[in-house]
Amino acid sequence: MNVLNEMKLSFPSKSSNESFARVAVSAFIAALDPTIDELADIKTAVSEAVTNSIVHAYKDTIGTIYIHARILDDRKITIKIRDTGCGIGNIKQAMEPMYTTCTTGERAGLGFAVMQSFMDKVRVRSRPFKGTSVTMEKTLTSKEES
């Protein structure tokens, strides 16, 4: 697949930047003229991935979150959200719905499940004490299909 366009972005893991990440990615893919539903799905998936980095990867500290978004042939997009935080010891367990490491009861443990429901493909790679990357893919409907 050919890369038609791409963007890279980095920002501090402050909760106020979650909405910035969501809007930045949606503005980037706007050139493809996605449907309102597709745009909402992508924004929600980005929010979940960024929130995971803020809440879990960097817990009580501020680190850097990196986003690399690409537009490929055939209206396919990829979005990689990466951190250099604490990492995930057991990815399979972390991706189970309702699993959370948050002990305050404020988190439902649905972040990965939400990402998987809104995107075509979600890949998670992580190494303890090195960080985590979440790569999400989605092919937008063609103008004829919408």
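The values are calculated or read from the model by the stated rules, or taken from the named source; none is laboratory data. The structure displayed is predicted, hence computed values, not measured ones. A quick note on method: Cβ atoms are made from the backbone with ideal geometry, for glycine too, and the neighbour counts reach across all protein chains shown.
Please specify each residue of the range 1-15 satisfying the condition of being more than 15 Å from the chain's Cα centre (by Cα) and modelled with pLDDT of 95 or more. Break it down stepwise before answering.
From the range 1-15, those more than 15 Å from the chain's Cα centre (by Cα) are 1-6, 12, 14; that's our starting set.
Scanning the range 1-15 gives ASN2, VAL3, LEU4, ASN5, GLU6, PRO12, LYS14.
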query: Of all residues in the range 86-126, which are at pLDDT 85 or above and more than 24 Å from ILE42 (Cβ to Cβ)?
result: CYS86, GLY87
field: Members of the range 17-46 that are among the hydroxyl-bearing types (Ser, Thr, Tyr) and modelled with pLDDT under 95
entry: THR44
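Does the range 65-88 hold any residues that are outside any strand (DSSP E or B), under 10 Å from THR132 (Cα atoms) and not β-branched (Val, Ile, Thr), and which are they?
First, the residues of the range 65-88 that are outside any strand (DSSP E or B): 73-75, 84-88.
When the remaining residues are screened for being under 10 Å from THR132 (Cα atoms), the result is 84-88.
The answer is GLY85, CYS86, GLY87.
Against the definition (out of contact with any His (no Cβ under 9 Å at 6 or more places or on another chain), charged (D, E, K, R) and in contact (Cβ under 8 Å) with a residue 24 or more places away in the chain), how does GLU6 come out, yes or no? Spell out the reasoning first.
On the way: out of contact with any His (no Cβ under 9 Å at 6 or more places or on another chain): no; charged (D, E, K, R): yes; in contact (Cβ under 8 Å) with a residue 24 or more places away in the chain: yes.
So GLU6 does not fit the description; no.
Out of ALA57, ALA49, ALA69, I need the residue that is touching a Cys at 6+ places or on another chain (Cβ under 9 Å), surrounded by 18 or more Cβ atoms within 10 Å (Cβ to Cβ) and touching a residue at least 60 places away in the same chain (Cβ under 8 Å). Which one? Walk me through it before giving the result.
Working: ALA49 fails: touching a Cys at 6+ places or on another chain (Cβ under 9 Å); ALA69 fails: touching a Cys at 6+ places or on another chain (Cβ under 9 Å).
The conditions single out ALA57.
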